[in-house]
1. Which one is modelled with the lowest pLDDT among residues in segment 1-16 that are surrounded by fewer than 10 Cβ atoms within 10 Å (Cβ to Cβ) and hydrophobic (A, V, I, L, M, F, W, C)?
2. Among the residues of segment 34-48, is there at least one that is more than 9 Å from the chain's Cα centre (by Cα), surrounded by 12 or more Cβ atoms within 10 Å (Cβ to Cβ) and in a strand (DSSP E or B)?
3. Pairs under 7 Å by beta carbon, first residue over 18 Å from Leu61 (Cβ atoms) and free of Cβ contacts under 8 Å to residues at least 60 places away in the same chain in segment 1-25, partner surrounded by 10 or more Cβ atoms within 10 Å (Cβ to Cβ) and of a type in the set (Asp, Glu), six or more apart or different chains?
4. Mind checking which residues of segment 15-45 are farther than 15 Å from Ser75 by Cβ and touching a Ser or Thr at 6+ places or on another chain (Cβ under 8 Å)?
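The values are calculated or read from the model by the stated rules, or taken from the named source; none is laboratory data. All values derive from a computational prediction rather than experimental measurement. A quick note on method: Cβ atoms are made from the backbone with ideal geometry, for glycine too, and the neighbour counts reach across all protein chains shown.
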Amino acid sequence: MARSVWKGPFVDGYLLKKAEKSRGTGRNEIIKIWSRRSTILPQFVGLTFGVYNGHKFLPVLVTENMVGHKFGEFSPTRVFHGHSAGDKTAKRDE
């Protein structure tokens, strides 16, 4: 279910502080965040965030097309390694 319009997008407070601090320094360094539930705001465009996926921080460069989405959408938590080769041979023999 979507969030109410009058409430506005959800963003953790520390995230806004980190983004403003990074913009102020002017250096292009990765901002490590754990908040996958936060919405990407227009102020974040051009910044690189390291979004934690439960194992490591994946770098996400925010572009204009990402505004309105959640950070978790760009940092997958599961890795698909493909189907094993044994499955194909077993199906062919049947």
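1. Going through the qualifying residues, I end up with Met1.
2. Yes: segment 34-48 contains one or more residues that are more than 9 Å from the chain's Cα centre (by Cα), surrounded by 12 or more Cβ atoms within 10 Å (Cβ to Cβ) and in a strand (DSSP E or B).
3. From segment 1-25, no pairs qualify.
4. Asn28, Glu29, Val45
A quick yes/no check of all residues on (1) surrounded by 13 or more Cβ atoms within 10 Å (Cβ to Cβ); (2) basic (Lys, Arg); (3) part of a loop (DSSP other than H, G, I, E, B):
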position: Lys18; (1), (2), (3): yes, yes, no
position: Arg27; (1), (2), (3): no, yes, yes
position: Gly54; (1), (2), (3): no, no, yes
position: Gly72; (1), (2), (3): yes, no, no
position: Phe80; (1), (2), (3): no, no, yes
